Amino acid sequence: MYRTNTCGELRITDAGKSVTLAGWVQRSRKMGGMTFVDLRDRYGITQIVFNNEVNAELCEKANQLGREFVIAVTGTVAERSSKNKNLPTGDIEIIASDLNILNRSDVPPFTIEDNTDGGDDIRMKYRYLDLRRSAVRKNLELRHKMTIEVRRYLDSKGFLEVETPILIGSTPEGARDFVVPSRMNPGQFYALPQSPQTLKQLLMVSGFDRYFQIAKCFRDEDLRADRQPEFTQIDCEMSFVEQNDIIELFEGMTKYLFKTIRGVELNEPFIRMPWSEAMKRFGSDKPDMRFGMEFVELKEFFNGKGDFAVFNDAAYIGGICAPGCAVYTRKQIDQLTDFVKRPQIGAKGLVYARVAEDGSVKSSVDKFYSQEVLQGLKAEMNAQPGDLILILSGDDVMKTRKQLCELRLEMGERLGLRDKNKFALLWVVDFPMFEWSEEEGRLMAMHHPFTHPKDEDIPLLDTNPAAVRADAYDMVCNGIEVGGGSIRIHDPKLQAKMFEILGFTPERAQEQFGFLMNAFKFGAPPHGGLAYGLDRWVSIFAGLDSIRDCIAFPKNNSGRDVMLDAPSRIDDKQLDELCLKVDVKE
């Protein structure tokens with residue numbers, strides 16, 4: 001053994017012991033005849049002392065150490081004269097008697113500290129060095145602990161962990177697949193799974209009534225802070241259950257994780273909010289419930305009350321009330337206007353009204369509306385003296401609601417209302433079954449084609465499919481969708497009807513999903529499930545804005561692994577073996 005102890009475990013009770021530690025040199029400093037080295041491993045940091053008066057040769061050797069040298073040190077544990085209260089090992093130090101340099105290191109391209117001087121690109125290129133930083137390492141330790149607790153909870157509920165294949169057939173409905181050419185089957189391709197959806201349904205047909213998997217999934221889609229080309233799901237499925245059974249069981253798992261991982265007790269049942277209500281109150285199917293500023297719809301209020309053409313012609317008018325923000329300067333208002341007019345939000349402008357301390361209202365549309373109308377607006381918005389009313393309008397109801405949602409979140413951020421140590425969870429239920437795709441020119445499944453419609457809405461499949469609601473549910477935490485699922489279709493006739501509405505010919509449905517539809521003919525039980533995003537859960541528990549630092553080797557914002565330089569070209573010999581030609585269009 002290179003070491004008898006780790007760099008994070010020795011305490012004052014170990015004083016006098018002879019120990020050997022091994023790790024990386026965090027930093028070293030020479031003070032008179034003494035050299036102090038902070039030695040780091042995965043478990044912590046311990047100070048090592050080399051005394052020139054006791055052993056000049058050893059001290060000289062220590063003076064040659066550079067940052068990130070790998071060393072082993074033998075010595076005696078002693079009480080520190082100047083203790084470091086910021087370190088668990090800060091009461092002791094090791095008086096060195098021997099030093100073995102196990103490996104030297106080049107000067108690292110950035111400091112291996114919690115507050116590093118390395119930018120994102122350089123840290124991703126040298127990710128193996130970035131992982132030495134305790135801030136990043138702790139995220140992976142948290143991830144490990146969460147997966148352990150997930151397995152413990154699900155095992156206690158009778159679930160079996162089953163691995164499903166990574167190389168499957170392509171099902172291009174939804175996000176884009178990553179495809180893998182087959183050398184042994186020229187001209188044919190595997191796909192990497194976007195989720196184990198159909199496979200876990202087959203497990204239900206097989207009688208494995210409670211399945212789970214910590215599953216790798218792949219989607220070739222544009223990246224955001226909470227997305228990566230490859231990600232990990234806590235994937236679950238159950239037989240002989242209804243929606244309420246699944247919600248209760250996995251709400252229990254969520255409460256269990258909060259208690260065991262974060263020490264947070266969540267005693268109240270989570271809110272269950274229909275999708276239509278979430279969109280009306282917050283303009284989002286993943287509303288952040290840590291703060292108020294709910295939407296107030298104002299179309300009816302403004303109807304016939306003034307000559308402001310923008311409002312008179314609008315299909316939707318909605319406002320939020322920002323508490324205490326009437327003191328905002330014109331510059332701050334202009335910044336908010338510029339924010340909502342950004343291309344990714346797309347609003348044409350912003351109307352505001354300040355409620356003064358004396359109760360009067362001063363608005364950017366004063367010339368179109370009387371003070372009496374503005375006082376009515378104040379009452380409609382339940383605005384108090386000192387509040388700022390912010391209003392958006394537009395000719396597309398859903399689009400304008402989403403714009404107002406972005407404004408609400410921005411105000412929540414500015415007012416410090418999105419506290420990462422406060423948690424607000426809810427279930428969003430009763431999603432629309434379908435959504436219209438302008439690109440495809442047809443109805444698309446909002447979740448996936450295997451979602452069961454609400455029983456009472458099944459007759460609408462023949463008369464008004466756009467009005468059908470799905471037996472689907474998403475769990476939302478702090479404005480982030482952390483998981484979602486549905487009751488699945490288990491009747492082959494209903495599944496065939498669903499494919500028909502989605503524009504599948506019987507031949508295409510059989511080609512892509514025949515294996516599932518055929519399996520349903522052999523006694524498929526009622527079943528449903530859900531999948532949590534493990535990366536998202538870890539990022540929320542760690543208080544991070546991005547999932548990247550919860551993943552050991554993530555991709556950058558362009559979907560590239562800059563450390564491995566992937567994706568990359570393959571040589572002509574490999575292309576020939578795969579019967580492929582590359583034709584990259586400029």
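Residues in segment 509-568 that are assigned to a loop (DSSP other than H, G, I, E, B) and β-branched (V, I, T) were compared, and the one that is nearest to H447 (Cα to Cα) is I547.
A quick yes/no check of all residues on (1) in contact with a Ser or Thr (Cβ under 8 Å, 6 or more places away or on another chain); (2) of a type outside the set (S, T, N, Q); (3) closer than 30 Å to D395 by Cα:
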site	(1), (2), (3)
D222	no, yes, yes
D235	yes, yes, no
I246	no, yes, no
T254	no, no, no
K286	no, yes, yes
K305	no, yes, yes
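Residue-wise test of (1) in a loop (DSSP other than H, G, I, E, B); (2) over 24 Å from D177 (Cα atoms).
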residue	(1), (2)
D222	yes, no
E237	no, no
N244	no, yes
E251	no, yes
T254	no, yes
T260	no, yes
N267	yes, yes
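For Q197, the conditions (1) more than 30 Å from G441 (Cβ to Cβ); (2) surrounded by 18 or more Cβ atoms within 10 Å (Cβ to Cβ) all hold with the exception of (1). Of all residues in segment 371-385, those satisfying the criterion of being without any contact (Cβ under 8 Å) to a residue 60 or more places away in the chain and either polar (S, T, N, Q) or open to solvent by 10 Å² or more (accessible area, probe 1.4 Å) (or both) are Q371, E372, Q375, K378, A379, P385.
Comparison of R354, R342 shows that the only residue that is within 29 Å of D474 (Cβ to Cβ) and among the basic types (K, R) is R342.
Give segment 481-491 a look and list any residue that's surrounded by fewer than 20 Cβ atoms within 10 Å (Cβ to Cβ) and within 17 Å of M253 (Cβ to Cβ), or say none.
Restricting attention to segment 481-491, the residues satisfying the condition of being surrounded by fewer than 20 Cβ atoms within 10 Å (Cβ to Cβ) are 481, 491.
Within segment 481-491, E481 is the sole residue that qualifies.
None of L392, L388 is open to solvent by less than 40 Å² (accessible area, probe 1.4 Å) and in contact with a Lys or Arg (Cβ under 7 Å, 6 or more places away or on another chain) except L388.
Listed by first and then second residue, the pairs linking a residue in segment 393-418 that is in contact (Cβ under 8 Å) with a residue 12 or more places away in the chain and in a helix (DSSP H, G or I) to a residue that is surrounded by fewer than 20 Cβ atoms within 10 Å (Cβ to Cβ) and acidic (D, E), with Cβ atoms under 7 Å apart and 6 or more places separating them unless they lie on different chains, form an empty list. M279 meets each of the listed conditions (1) among the aliphatic types (A, V, I, L, M); (2) assigned to a helix (DSSP H, G or I); (3) under 30 Å from T164 (Cα atoms) apart from (3).
Would you mind stating whether R227 is open to solvent by 50 Å² or more (accessible area, probe 1.4 Å), out of contact with any Phe, Trp or Tyr (no Cβ under 9 Å at 6 or more places or on another chain) and at pLDDT below 95?
Details: open to solvent by 50 Å² or more (accessible area, probe 1.4 Å): yes; out of contact with any Phe, Trp or Tyr (no Cβ under 9 Å at 6 or more places or on another chain): yes; at pLDDT below 95: yes.
Taking the combined requirement at face value, the residue satisfies it.
Of the residues in segment 414-435, at least one is within 26 Å of the chain's Cα centre (by Cα), over 30 Å from F258 (Cβ atoms), open to solvent by 30 Å² or more (accessible area, probe 1.4 Å) and at pLDDT below 95. Among the numbered conditions (1) within 27 Å of S546 (Cβ to Cβ); (2) out of contact with any His (no Cβ under 9 Å at 6 or more places or on another chain); (3) not β-branched (V, I, T), the only one that S195 does not meet is (2). Of all the residues in segment 513-547, those that are more than 16 Å from A135 (Cβ to Cβ), out of contact with any strand residue (DSSP E or B) (no Cβ under 8 Å at 6 or more places or on another chain) and either in contact (Cβ under 8 Å) with a residue 24 or more places away in the chain or crowded, with 19+ Cβ neighbours inside 10 Å (or both) number 10.
Screening the candidates M498, M475 for the property of being outside any loop (DSSP other than H, G, I, E, B), over 19 Å from Q233 (Cα atoms) and at pLDDT 90 or above yields one hit, M498. Within segment 329-363, the set of residues being closer than 14 Å to D387 by Cα, in contact with a Lys or Arg (Cβ under 8 Å, 6 or more places away or on another chain) and open to solvent by less than 80 Å² (accessible area, probe 1.4 Å) comprises A353, R354, V355, A356, G359, V361, S363. Please state which of the following conditions F212 fails to meet, knowing it meets all the rest: (1) in contact with a Gly (Cβ under 6 Å, 6 or more places away or on another chain); (2) at pLDDT 95 or above. So the condition that F212 fails would be (1).
Within segment 158-166, does at least one residue satisfy the condition of being under 30 Å from D222 (Cα atoms) and among the aromatic types (F, W, Y)? No, the conditions are met nowhere in segment 158-166. From the list G359, G346, the one residue that fits, being touching a helix residue (DSSP H, G or I) at 6+ places or on another chain (Cβ under 8 Å) and closer than 18 Å to A314 by Cβ, is G346.
Hey, any hits in segment 554-562 for a residue that's of a type in the set (A, V, I, L, M, F, W, C), open to solvent by less than 60 Å² (accessible area, probe 1.4 Å) and either at pLDDT 90 or above or farther than 17 Å from R137 by Cα (or both)? Break it down into steps so the answer makes sense when it comes.
Taking segment 554-562 as the starting set, the residues that turn out to be of a type in the set (A, V, I, L, M, F, W, C) are 562.
Checking which are open to solvent by less than 60 Å² (accessible area, probe 1.4 Å) leaves us with 562.
Within this subset, residues satisfying the condition of being either at pLDDT 90 or above or farther than 17 Å from R137 by Cα (or both) are 562.
Yes.
Of all residues in segment 296-318, which are open to solvent by less than 20 Å² (accessible area, probe 1.4 Å) and out of contact with any helix residue (DSSP H, G or I) (no Cβ under 6 Å at 6 or more places or on another chain)? Passing the criteria: L298, A314.
The values are calculated or read from the model by the stated rules, or taken from the named source; none is laboratory data. Only a predicted model underlies this, so the values are computations on that prediction, with no experimental measurement involved. Positions of Cβ are backbone-derived with ideal geometry, glycine not excepted, and every protein chain shown enters the neighbour counts. Side chains included, ligands, DNA and RNA excluded: accessible areas come from the protein's heavy atoms. Shrake-Rupley method; radii C 1.70, N 1.55, O 1.52, S 1.80 Å.
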